[in-house]
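The values are calculated or read from the model by the stated rules, or taken from the named source; none is laboratory data. The structure displayed is predicted, hence computed values, not measured ones. Quick reminder, even Gly has a Cβ in these numbers, built from the backbone with ideal geometry, and neighbours come from all protein chains shown.
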């Protein structure tokens, strides 16, 4: 199964959530991440702008969660996906350093002295 995530994430005031699209085969749906989920991710008040920014900073994580929920057919009544705080706890964030490099992607010798 090949999932596609269009570049369409945005804030939806009526749902108080970041919403982004997902496509797989003939299926076209939406993934919602409510503001309350971002309260766990952000050190400050989750404004709409901060929520969208946080989505993009952890986009891969949100897309992976959406894929898992779609594979397990965990859909909302309207046939879409909603990501909860529990989903985030089940899929922890990989460690990313201040340069935005995924720590596990580095092939470093742990015994090498970098000083």
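Scan the range 7-26 and give yes if some residue there is within 13 Å of residue 87 (Cα to Cα), touching a residue at least 40 places away in the same chain (Cβ under 8 Å) and either exposed (fewer than 14 other Cβ atoms within 10 Å of the Cβ) or touching a strand residue (DSSP E or B) at 6+ places or on another chain (Cβ under 7 Å) (or both), otherwise no. Talk me through it step by step, then tell me what you get.
So in the range 7-26, the residues within 13 Å of residue 87 (Cα to Cα) come out as none.
Looking through the range 7-26, none of the residues is within 13 Å of residue 87 (Cα to Cα), touching a residue at least 40 places away in the same chain (Cβ under 8 Å) and either exposed (fewer than 14 other Cβ atoms within 10 Å of the Cβ) or touching a strand residue (DSSP E or B) at 6+ places or on another chain (Cβ under 7 Å) (or both).
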Which condition number in (1) within 25 Å of residue 92 (Cβ to Cβ); (2) part of a strand (DSSP E or B) is the one that residue 23 fails? (1)
Near pairs, Cβ below 8 angstrom, 6+ apart or cross-chain, from the range 81-96 (over 17 Å from residue 39 (Cβ atoms)) to any residue that is modelled with pLDDT under 85 and surrounded by fewer than 19 Cβ atoms within 10 Å (Cβ to Cβ): 94/102; 94/103; 94/104; 95/102; 95/103; 95/104; 96/102; 96/103
